[in-house]
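I'd like to ask you about the structure that follows.
The values are calculated or read from the model by the stated rules, or taken from the named source; none is laboratory data. Quick caveat: nothing in here was measured; it's all calculated off a predicted structure. Cβ atoms come from the backbone with ideal geometry, glycine included; neighbour counts cover every protein chain shown.
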């Protein structure tokens, strides 16, 4: 596992005393809590929530696709499309209204 | 007094300039900090939280900060700081952008600027819906054909044909909206549009991170109108159609992505049927678009206004070029809002003490533009149709500074010679034949002047012997010869200079197969046994010419790479298609985007030998048949043709439009034609 921009953004910069370990799917691994680490709330695509209490735990979950902001799962293009469509429709209606008013 | 409408437009322009970069993230309280080595981590953690303007206000005009656009960001991150990295003493700050939003913002900015053009007679466009539908299909062809380009330009680029693919739906919707505004904008302004043609050099109008150009869209729309509304030359269209069929039938798709770099927006990045189809149709429509504008401006054309606009544009290009060099913030904004193909130069000083391109992608083409503007202005001053005021004297001076900084010696010398020719022509009536003889003599004198100061990179000692085969020497130097052996150049020098033996070099194992077909042809033509007394060898003459205009290396590289089969040589590979040239042969010995440095060679690549022959015949016919010493565009057509021999101006949309415009000004055109 490499420390990428996503991990830095969501978990912060790796503390110097932490060793980067690839945990993978090991069910027996227990993440040790780091009292200096401020708890981060992470979400997955199905809306599950988890509180992570160490940088290592956070990095591993982010590497597995978890995020700290549900906005990531929002289809921005869809919002943009309907916003523009709405604005266009409003524009057309207003234009028609003023044209009729002048006529 | 500024009217209410103009005030609203100015307000909207300011809004478009500021709003996209000033929207903060309201969901948290992350504040901008001074960017230094201690806050790099802070910016890396808090990406997409701080707006660009917030960061700008906090950091002022810190010269150590280099702002760059990050096209690969989400819509949410648009206009926000997307990352900071320290590189030496400098900090690279990435500002999030997204092609869907770019398309809208840049289009509306240019539409608003065009809306300042005064309204004229109304022109009702025909078949608007079907024209728009055709343009959308064309645009889709472009996206499908050049998907490789867009996959690295946009994070969510997706071409799946589905009603749940909102990326493509948004792009099409944006496209429809922009076309609609083009209709309503140009319905009343078409007749005045030609007066503002010089501004295409300032507003290159290339969409950020797209290989598409706003001007191409506008001109394509006009091109369709021209095809619908007026009788056009079937002869030329059928000739072009036959070329098109050949290009499509002979197309060999390759998977390479051609890095268009400074040609962005007017060059094919991929070699496949949809992309070739898009560019050959767009090229055709572009020419028809320019003809359409000219036809519809016949009654309103005021050459004095055009001339003044040339001078103003040249001044603005120089001014903004200096400003972009001085300020990295303005450099970023000029790139975005002028739609530049490439970021403006970041230094006032010239490249290698040689040329300064400012805002333009090419110093050569902008040098030609300055020379063009100065000539046409002085022409009308000489004709006493324009009076030099202090303001125009300043504009002229700025244009002269721009021309000198661009250091296009060929453009400077040729424009001086043509101006002298024009003045002589005004004093005594000269026939076209005398003019051509005069030009040839001046041309030879210039050649002689430059020849004495040239060097061939392969050999510092320029003798006639070496100079007469400079093209072959340079071509072989960059070829695949002696592949895998140490010091290939030494081997080439040994055979060609030491032993003066072009034949032996090909006897070396593998060399004969490695060399390009064009270089082989040129070498054979140079070493042929036919010797006509007092007639120089064609290749030797061409080599001397190339050396004297400092093109032996560039044309040598062209020869080392240009490897057409017979049909490609005769018909070319299609307009603006450089992919097969760059990835076809000899891909390892030339670094970066080394263009042929001659529009004549570009035409040979695109349209083949037949295309080049037709072009030469067509243009020379216009030049000879339409000689008019009182028409400045006659001299300027000659000027552009001379300069096209050594420049790649055909590869840029602005210079190309200028050329077609100049050509049309030499033809007696009517509304019906």
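Starting from residues that are outside any helix (DSSP H, G or I) and either in contact with a helix residue (DSSP H, G or I) (Cβ under 8 Å, 6 or more places away or on another chain) or at positive phi (or both), keep the ones in segment B:364-385 and report whichever is surrounded by the fewest Cβ atoms within 10 Å (Cβ to Cβ).
The extreme case among them is B:384.
Residue B:176 - would you say it is crowded, with 17+ Cβ neighbours inside 10 Å, part of a helix (DSSP H, G or I) and in contact (Cβ under 8 Å) with a residue 40 or more places away in the chain?
no
Only one of these is within 14 Å of chain B (Cβ to nearest Cβ), farther than 30 Å from residue B:184 by Cβ and surrounded by 13 or more Cβ atoms within 10 Å (Cβ to Cβ): A:5, A:10. Name it.
A:10
Here are the criteria: (1) surrounded by 21 or more Cβ atoms within 10 Å (Cβ to Cβ); (2) closer than 16 Å to residue B:205 by Cα. Tell me which single one residue B:291 does not satisfy.
(2)
Report yes if some residue within segment B:75-82 is more than 30 Å from residue B:176 (Cα to Cα), assigned to a strand (DSSP E or B), away from chain A (no Cβ under 11 Å) and out of contact with any helix residue (DSSP H, G or I) (no Cβ under 6 Å at 6 or more places or on another chain); otherwise report no.
No.
Residue check: is residue B:149 more than 20 Å from residue B:15 (Cβ to Cβ), part of a loop (DSSP other than H, G, I, E, B) and under 28 Å from the mean Cα position of the chain (by Cα)?
Taking the combined requirement at face value, the residue does not satisfy it.
Could you list all residues from segment B:426-436 that are surrounded by fewer than 18 Cβ atoms within 10 Å (Cβ to Cβ) and either in contact (Cβ under 8 Å) with a residue 40 or more places away in the chain or over 18 Å from residue B:622 (Cα atoms) (or both)?
Once the filter is applied, which keeps residues that are surrounded by fewer than 18 Cβ atoms within 10 Å (Cβ to Cβ) and either in contact (Cβ under 8 Å) with a residue 40 or more places away in the chain or over 18 Å from residue B:622 (Cα atoms) (or both), segment B:426-436 yields B:426, B:427, B:428, B:429, B:430, B:432.
Let me ask something additional. With the condition kept exactly as written, say whether any residue in segment B:161-173 is under 24 Å from the mean Cα position of the chain (by Cα), closer than 26 Å to residue B:268 by Cβ and assigned to a helix (DSSP H, G or I).
Checking segment B:161-173: not a single residue is under 24 Å from the mean Cα position of the chain (by Cα), closer than 26 Å to residue B:268 by Cβ and assigned to a helix (DSSP H, G or I).
Does residue B:349 satisfy being surrounded by fewer than 22 Cβ atoms within 10 Å (Cβ to Cβ), touching a helix residue (DSSP H, G or I) at 6+ places or on another chain (Cβ under 6 Å) and assigned to a loop (DSSP other than H, G, I, E, B)?
For residue B:349, the condition - surrounded by fewer than 22 Cβ atoms within 10 Å (Cβ to Cβ), touching a helix residue (DSSP H, G or I) at 6+ places or on another chain (Cβ under 6 Å) and assigned to a loop (DSSP other than H, G, I, E, B) - is not met.
If I go through segment B:85-110 residue by residue, how many of them are within 14 Å of chain A (Cβ to nearest Cβ) and either in a helix (DSSP H, G or I) or buried (at least 21 other Cβ atoms within 10 Å of the Cβ) (or both)?
Summing the residues that are within 14 Å of chain A (Cβ to nearest Cβ) and either in a helix (DSSP H, G or I) or buried (at least 21 other Cβ atoms within 10 Å of the Cβ) (or both) in segment B:85-110 gives 13.
Let me ask another. Being surrounded by fewer than 18 Cβ atoms within 10 Å (Cβ to Cβ) and at pLDDT 90 or above is the filter here; which residues of segment B:260-273 pass it?
Within segment B:260-273, B:273 is the sole residue that qualifies.
For the structure I just gave you, tell me whether residue B:327 is surrounded by fewer than 18 Cβ atoms within 10 Å (Cβ to Cβ) and in contact (Cβ under 8 Å) with a residue 60 or more places away in the chain.
Spelling it out, residue B:327 is indeed surrounded by fewer than 18 Cβ atoms within 10 Å (Cβ to Cβ) and in contact (Cβ under 8 Å) with a residue 60 or more places away in the chain.
For the condition in contact (Cβ under 8 Å) with a residue 24 or more places away in the chain and touching a helix residue (DSSP H, G or I) at 6+ places or on another chain (Cβ under 6 Å), what is the one hit in B:52, B:69?
Only one candidate passes the filter, namely B:52.
Of all residues in segment B:30-55 being crowded, with 20+ Cβ neighbours inside 10 Å and more than 14 Å from chain A (Cβ to nearest Cβ), which is nearest to residue B:333 (Cα to Cα)?
Only one residue fits best here, namely B:52.
Going residue by residue through segment B:602-610, is there one that turns out to be closer than 17 Å to residue B:661 by Cα, touching a helix residue (DSSP H, G or I) at 6+ places or on another chain (Cβ under 7 Å) and part of a helix (DSSP H, G or I)?
The answer is no, given that none of the residues of segment B:602-610 is closer than 17 Å to residue B:661 by Cα, touching a helix residue (DSSP H, G or I) at 6+ places or on another chain (Cβ under 7 Å) and part of a helix (DSSP H, G or I).
Take the residues in segment A:27-73 that are in a helix (DSSP H, G or I) and more than 14 Å from chain B (Cβ to nearest Cβ); name whichever of them is nearest to residue B:172 (Cα to Cα).
My answer is A:63.
Hey, does segment B:227-237 have a residue that's at pLDDT below 95 and within 20 Å of residue B:576 (Cα to Cα)?
Within segment B:227-237 (the criterion being at pLDDT below 95 and within 20 Å of residue B:576 (Cα to Cα)), the answer is yes, since at least one residue qualifies.
Take segment B:121-133 and flag every residue that is crowded, with 17+ Cβ neighbours inside 10 Å and within 27 Å of residue B:273 (Cβ to Cβ).
If the condition is that a residue be crowded, with 17+ Cβ neighbours inside 10 Å and within 27 Å of residue B:273 (Cβ to Cβ), then B:131, B:132 are the ones that fit.
Hey, another quick one. Can you find a residue in segment B:183-205 that is within 14 Å of chain A (Cβ to nearest Cβ) and surrounded by fewer than 21 Cβ atoms within 10 Å (Cβ to Cβ)?
yes
A further question follows. Just give me the residues in segment A:74-90 being within 11 Å of chain B (Cβ to nearest Cβ) and either more than 21 Å from residue B:102 (Cα to Cα) or touching a helix residue (DSSP H, G or I) at 6+ places or on another chain (Cβ under 7 Å) (or both), in sequence order.
A:75, A:77, A:78, A:80, A:81, A:84, A:85, A:88
Could you list, in sequence order, the residues of segment B:63-83 that are modelled with pLDDT under 90, over 27 Å from the mean Cα position of the chain (by Cα) and over 20 Å from residue B:345 (Cβ atoms)?
B:73, B:74, B:75, B:76, B:77, B:82, B:83
Among what's in segment A:74-103 and is in a loop (DSSP other than H, G, I, E, B) and under 30 Å from residue A:47 (Cα atoms), pick the residue that is modelled with the lowest pLDDT.
A:74
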